[in-house]
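Report on the following structure.
The values are calculated or read from the model by the stated rules, or taken from the named source; none is laboratory data. Fair warning: this is a prediction, and the values are worked out from it, not measured in the lab. Here Cβ is always computed from backbone atoms with ideal geometry, including for glycine, and neighbour counts include all displayed protein chains. Just the protein is used for accessible areas: all its heavy atoms, side chains included, with ligands, DNA and RNA removed. Shrake-Rupley method; radii C 1.70, N 1.55, O 1.52, S 1.80 Å.
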Amino acid sequence: MAVVETRNLTKVFKEGELGAVNNVNLETREGEFLVFLGPSGSGKTTLLRMIAGLETPTAGEILIGGKVVNDMTPRERRIAMVFQSYALYPHLTVYKNIAFPLKAQKVPKELHKQKVEWAASLLGIASLLQRKPRELSGGERQRVALARAIVREPSVFLLDEPLSNLDAKLRLSAREELERFHKRIGTTTIYVTHDQVEAMAMGDRIVVLNQGSVRQFGTPKEVYDDPADTFVATFLGSPPMNLVENGEVIVGFRPEHFRLAEEVTDASKVPFRFRVENAEYLGAEYILSGLLIGGRVDGKKVIARLLLGQSYEVGTTYDFAVPERHLKFFDRTTEKRVDARALAWQ
Amino acid sequence: MAVAGAGTKIKSIGAATSPGLGAAMFAPAVTYIGLLIAGPFMLAIFYAFSDARIGSTGLHYVGLENFRSILQSPSFRMALKNSFVFTICTQIIVIVCSTTLSIALEKKFRGRGFVRFLILLPWVAPISLGAIGWKWILDSIYSVITWVLVWLHIFKPYDTPMWLGQPHLAMASVVLVHCWRLIPFSTVIMLAGRTAIPKEIPEAAAIDGAGFWRTLFQITIPMMTPIISVAVLFGTIFTFTDMTVVYILTAGGPFDSTQTLPSFAFATGIQGSDLAAGAAISVFMVPVLVLIAYFMLRVAHRAEVT
Ligand SMILES: Nc1ncnc2c1ncn2[C@@H]1O[C@H](COP(=O)(O)OP(=O)(O)OP(=O)(O)O)[C@@H](O)[C@H]1O
Ligand SMILES: [Mg+2]
């Protein structure tokens, strides 16, 4: 087990262009499950590949277990990686796929069988050992890829969107399985995803990336409740945080905090008039979208997320409110978070 | 495949509009195959069982007599052996070189396009011209290679090797010229085959701790088996049936030491006027080639990976 650290890590593919990864500083904790979250093209894979040693950084340092590993081959870094496509060796049986790292790292032959069987039984694929990868389902392939990764007991685990090829149902069970698996082996893990639900559910901490830069680094709760800028605020949460401009600042509030005024019991709350334009019934909740009416924020589009109970008419205007403690303030030009302040709304 | 697919499509459209059109469109291909491939092939089989001779009009059925007599001829056995030596040596060298080249040419470097072009050059040049060029390079008096070796003091002047005049050297020369000819073709097939291997597979091998050689022999080459067997199949057939290189360089000499089945068939049937014996020698190659093709296709099928 080991800690991974990056210092000012940068990767520029084409000189003169904006880097795929820019000045990334982060440090994992021992045994942590760290998630890289960001939209497509934000540099997650590039960052992971630099840590793995498949891509040479343009600048900056990578440390694993306190040692600078920039000049080390992937093999010397003692990391294991699961690729998005799994990259199983198609001409080898599952057994030989899992045994390949043992052979490559010259583990004594007598130990192979026992180690392969240990990894296979941990992932529940002991009955598939004689099959070829093409004879496996997507979920089984993923487990083989995981087994191949753990069999040599790596110091760090890197996973690049390992669930993105699975259907929604399988994805959920695979996710739980991965979490359980991580708890059991306790190896420091870096997990790449663009799915914020996955990130929130699995991560001990989340690194939010956009255009190659770290926008925020914190626990799921910190990232969700205290977004560092408007990007993080809108990237996490579904539907995303409502942002309305008011003077020098942008004010944000989550759809679930935007409720009927009479239901908000807080002493200090900001009232809004809200005209419902569209209502979506999602079984357990309503998603209402509409416009704020009157005051300084007249005509701003916002979304509300409400539990079932009362029904809402499209076209009707209601009295809504947001508790003041749930308002987030962002600078209008830098879009960074600023301190809470009293604002005039009328 | 593509050609056949297009052919049937045209045929079906033709059949729908006018019945004659389909047949008319199909006719050139049938005529071509009939006149230039099936006809001569049948004729060869027919001659092989007759006593046909150039300059004689009489023709009688003689059964297996031609086969019996060529099987007894030491020249034929020599040619048969040479054909195998020639084909196997050439294929081994070609596969090793083209695999190496395809690996070297896969990495991006400056001037890669130009190097690829240079490597392809022997394939696009007409084989007879190439072989005549090599005849000069290996000539007993004017050989460039000999000059260079003398200049380097590896050989004394007047005591130089006769590249095409000594049995073993002659065979080696013929094999090398044929390699020169086939390596480009094989390399192009391999390059195509390698690009079909996803980039993550060698990367996964690197992460699993495999070095260059392990990745090459346990991952890359096994994954290339189908494409390698296609290259070997084509190469084998080209080599086994080719007589241009042998004919131009050595004409089978010295003392039949480079005589192969095709050149022996030509020497017997056309130059020696014994059409029937020449035909029998050619027909003898058919089962050999069918067997080779069968095994190669089986290997390719077994190794099919995805
Ligand atoms: N080999 C390369 N050459 C040039 N540009 C590249 C290369 N690899 C990635 N990029 C660029 O770097 C940026 C980041 O790519 P990266 O693959 O890291 O994104 P990502 O966050 O993993 O996206 P996704 O969620 O779609 O996988 C992209 O703009 C991409 O076009
Ligand atoms: Mg990616």
field: B:A104/B:H60 FRET efficiency (R0 60 Å; Cβ-Cβ; nearest 0.05)
entry: 0.50
message: Taking a virtual spin label 7 Å from the Cα of A:Q346 along the C-beta vector, which residues in region A:276-301 bring their backbone nitrogen under 17 Å of it?
response: A:293-298
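Determine the dipole magnitude for region B:57-161: charges of +1 sit on the beta-carbon of Lys and Arg, -1 on that of Asp and Glu, nothing else is charged, the reference point is the Cα centre, and the result goes in debye to the nearest 20.
On the way: 10 positive and 4 negative charges, 93 e Å.
Charge dipole, region B:57-161, about its Cα centre: 440 debye, nearest 20.
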query: Taking Cα centroids, how far is region B:250-273 from region A:19-74 in Å?
result: 67
message: Springs between alpha-carbon pairs under 10 angstrom, Gaussian network model over chain A: which of A:E117, A:E15, A:E32 fluctuates most?
response: A:E15
- line: Per the helix-only model, chain B has a calculated mean residue ellipticity at 222 nm (DSSP H runs of ≥4, -39500 (n - 2.57) each, divided over all residues, rounded to the nearest 500) of -22500 deg cm²/dmol
task: Pick out which of A:K269, A:K106, A:K132 has the largest mean-square fluctuation in a Gaussian network model of chain A, springs linking Cα atoms closer than 10 Å.
output: A:K106
- request: Keeping all protein chains in position, work out how much accessible area A:R215 exposes to a 1.4 Å probe, and write it in Å² to the nearest 10.
  value: 70
message: Can you tell me the length gained on complete extension of the stretch A:T219 to A:A267, counting 0.36 nm per residue apart and subtracting the Cα distance?
response: 14.4 nm
query: Among A:V322, A:Y86, B:A276, whose Cα lies farthest out toward the positive end of the dipole of the protein assembly as shown, if unit charges sit on the beta carbon of Lys, Arg (+1) and Asp, Glu (-1)?
result: B:A276
statement: For region B:261-302, the percent of accessible surface on carbon and sulfur atoms (probe 1.4 angstrom, ligands and nucleic acids excluded) is 75
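How long are the semi-axes of the equivalent ellipsoid of region B:84-219, taking √(5λ) for every eigenvalue λ of the Cα gyration tensor, in whole Å from largest down?
On the way: eigenvalues 259, 56, 47 Å².
Each semi-axis is √(5λ); the values are 36, 17, 15 Å.
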query: Any residues in region B:193-210 that have 30 Å² or more less accessible area with all protein chains than in their chain alone, probe 1.4 Å, and which are they?
result: B:E200, B:I201, B:E203, B:A204, B:A206, B:I207, B:D208, B:G209
message: At a probe of 1.4 Å, how much accessible area disappears from chains B and A on forming the pair, both sides counted, to the nearest 100 Å²?
response: 1900
task: Provide the solvent-accessible area of B:C89, counting protein heavy atoms only and rolling a 1.4 Å probe, rounded to the nearest 10 Å².
output: 60
field: Cα shape, region A:186-245, gyration tensor, a/c 1.5 rule
entry: prolate
- request: Any chance you could look up the accessible area of B:Y247 with a 1.4 Å probe, heavy atoms only, rounded to 10 Å²?
  value: 90
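Enter the accessible area per residue of chain A (Å², integer; probe 1.4 Å; all protein chains in place).
Numbers: 15980 Å² over 346 residues.
Ligands and nucleic acids excluded, the figure is 46 Å² per residue.
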query: Are there residues in region A:59-106 whose accessible area shrinks by at least 30 Å² when all protein chains are included rather than the chain by itself, and which are they (probe 1.4 Å, ligands and nucleic acids not counted)?
result: A:P74, A:R75, A:F83, A:A87, A:Y89, A:P90, A:H91, A:F100, A:K103, A:A104
- prompt: Taking +1 at the Cβ of each Lys and Arg and -1 at the Cβ of each Asp and Glu, which of B:W213, B:P19, B:V94 sits farthest along the dipole of chain B towards its positive end, judged by Cα position relative to the Cα centre?
  reply: B:W213
message: Sorting check: for A:58-71, A:236-249, which peptide has the highest mean count of neighbouring beta carbons within 10 Å, and how do the rest follow?
response: A:236-249, A:58-71
task: For region A:247-340, with all protein chains present and a 1.4 Å probe, just round the carbon and sulfur fraction of the accessible area to a whole percent.
output: 46
message: Cut-off 14 Å, label point 7 angstrom out along Cα-to-Cβ of A:D298: give me the residues of region A:239-273 whose amide nitrogen falls inside.
response: A:273
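With only alpha-carbon pairs counted, each pair once and no self-pairs, how large is the Kirkwood hydrodynamic radius of the protein assembly as shown in angstroms?
On the way: mean 1/r = 0.0315 Å⁻¹.
Result for the protein assembly as shown stands at 31.8 Å.
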task: Place a label point 7 angstrom from the Cα of A:T93 along the Cα-to-Cβ direction, then list the residues of region A:127-143 whose backbone nitrogen is under 16 Å away.
output: A:127-136
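Could you tell me which of rounded, prolate or oblate describes chain B, using a ≥ b ≥ c as the square roots of the eigenvalues of the alpha-carbon gyration tensor, with rounded for a/c under 1.5 and, failing that, prolate when a/b is larger than b/c and oblate otherwise? Before the final figure, lay out each step's value.
Details: a/c = 1.96, a/b = 1.09, b/c = 1.80.
Note, shape of chain B comes out oblate.
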field: Dimensions in Å of region A:262-346 - Rg and Dmax from alpha carbons
entry: 14.2, 40
Exposure ranking of B:M190, A:M200 by accessible area [1.4 Å probe, largest first]: A:M200, B:M190
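To the nearest 0.05, how large is the calculated FRET efficiency for A:R184 and A:R325 if R₀ is 56 Å and r is the Cβ-Cβ distance? Before the final figure, lay out the partial values.
Numbers: r = 39 Å, r/R0 = 0.70.
Efficiency for this residue pair is about 0.90.
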- request: Past 26 Å, Cα to Cα, is the threshold; run A:K14/B:K108; A:K44/A:K113; A:K301/A:K336; A:K96/A:K169; A:K67/B:K199 against it and keep the listed order.
  value: A:K44/A:K113; A:K96/A:K169; A:K67/B:K199
- prompt: Which of B:F41, B:F234, B:F264 moves most in a GNM of chain B, Cα contacts under 10 Å?
  reply: B:F41
task: Please give the contour-minus-distance gain from B:H168 to B:I145: 0.36 nm per residue of separation, less the Cα-Cα distance, rounded to one decimal in nm.
output: 6.6 nm
task: Return the calculated 222 nm mean residue ellipticity for chain A, to the nearest 500 deg cm²/dmol, obtained by summing -39500 (n - 2.57) across DSSP H runs with n ≥ 4 and dividing by the residue count.
output: -7500 deg cm²/dmol
query: How much accessible area per residue does chain B have, in Å², with a 1.4 Å probe?
result: 57
- prompt: How far apart, in nm, are the 7 Å Cα→Cβ label points at A:T334 and A:L260?
  reply: 4.2
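In what order, largest first, do A:D339, B:D274 sit by accessible area if the probe radius is 1.4 Å? Don't skip to the end; give the middle numbers.
Values: A:D339 125, B:D274 45 Å².
The ranking, largest first, comes out as A:D339, B:D274.
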- request: Return the FRET efficiency for the residue pair B:W213, B:T31: r is the Cβ-Cβ distance, R0 is 60 Å, and the value is rounded to the nearest 0.05.
  value: 0.70
message: Need one word for region B:216-306: rounded, prolate or oblate. Basis is the Cα gyration tensor (sqrt eigenvalues a ≥ b ≥ c); a/c below 1.5 gives rounded, then a/b vs b/c decides.
response: prolate
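Which order do you get for B:Y32, A:Y89 if you rank them by accessible area with a 1.4 Å probe, largest at the top? Could you put the intermediate results ahead of the total?
Numbers: B:Y32 135, A:Y89 0 Å².
These residues rank, largest area first, as B:Y32, A:Y89.
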field: Backbone HN-Hα couplings from phi across region B:159-166 [Karplus 6.51/-1.76/1.60, Hz, Gly and Pro as x]
entry: 10, 9, x, 9, 3, 9, x, 10
statement: Between B:I132 and A:V197, the two model label points (7 Å from Cα along the beta-carbon direction) sit apart by a distance in nm of 7.5
- request: Starting from the amide H of A:K336, placed 1.01 Å from N in the peptide plane, find each other amide H under 5 Å away whose residue is 5 or more places distant or on another chain.
  value: A:D331
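For region A:4-225, what is Rg from Cα atoms divided by 2.2 N^0.38 Å, rounded to two decimals? List each step's numbers first, then the result.
Details: Rg = 17.3 Å, N = 222, 2.2 N^0.38 = 17.1 Å.
Relative to the 2.2 N^0.38 Å estimate, region A:4-225 comes out at 1.01.
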task: Give me the distance between the Cα centres of region B:162-197 and region A:143-175, rounded to whole Å.
output: 46
task: For region A:1-87, with all protein chains present and a 1.4 Å probe, just round the carbon and sulfur fraction of the accessible area to a whole percent.
output: 45
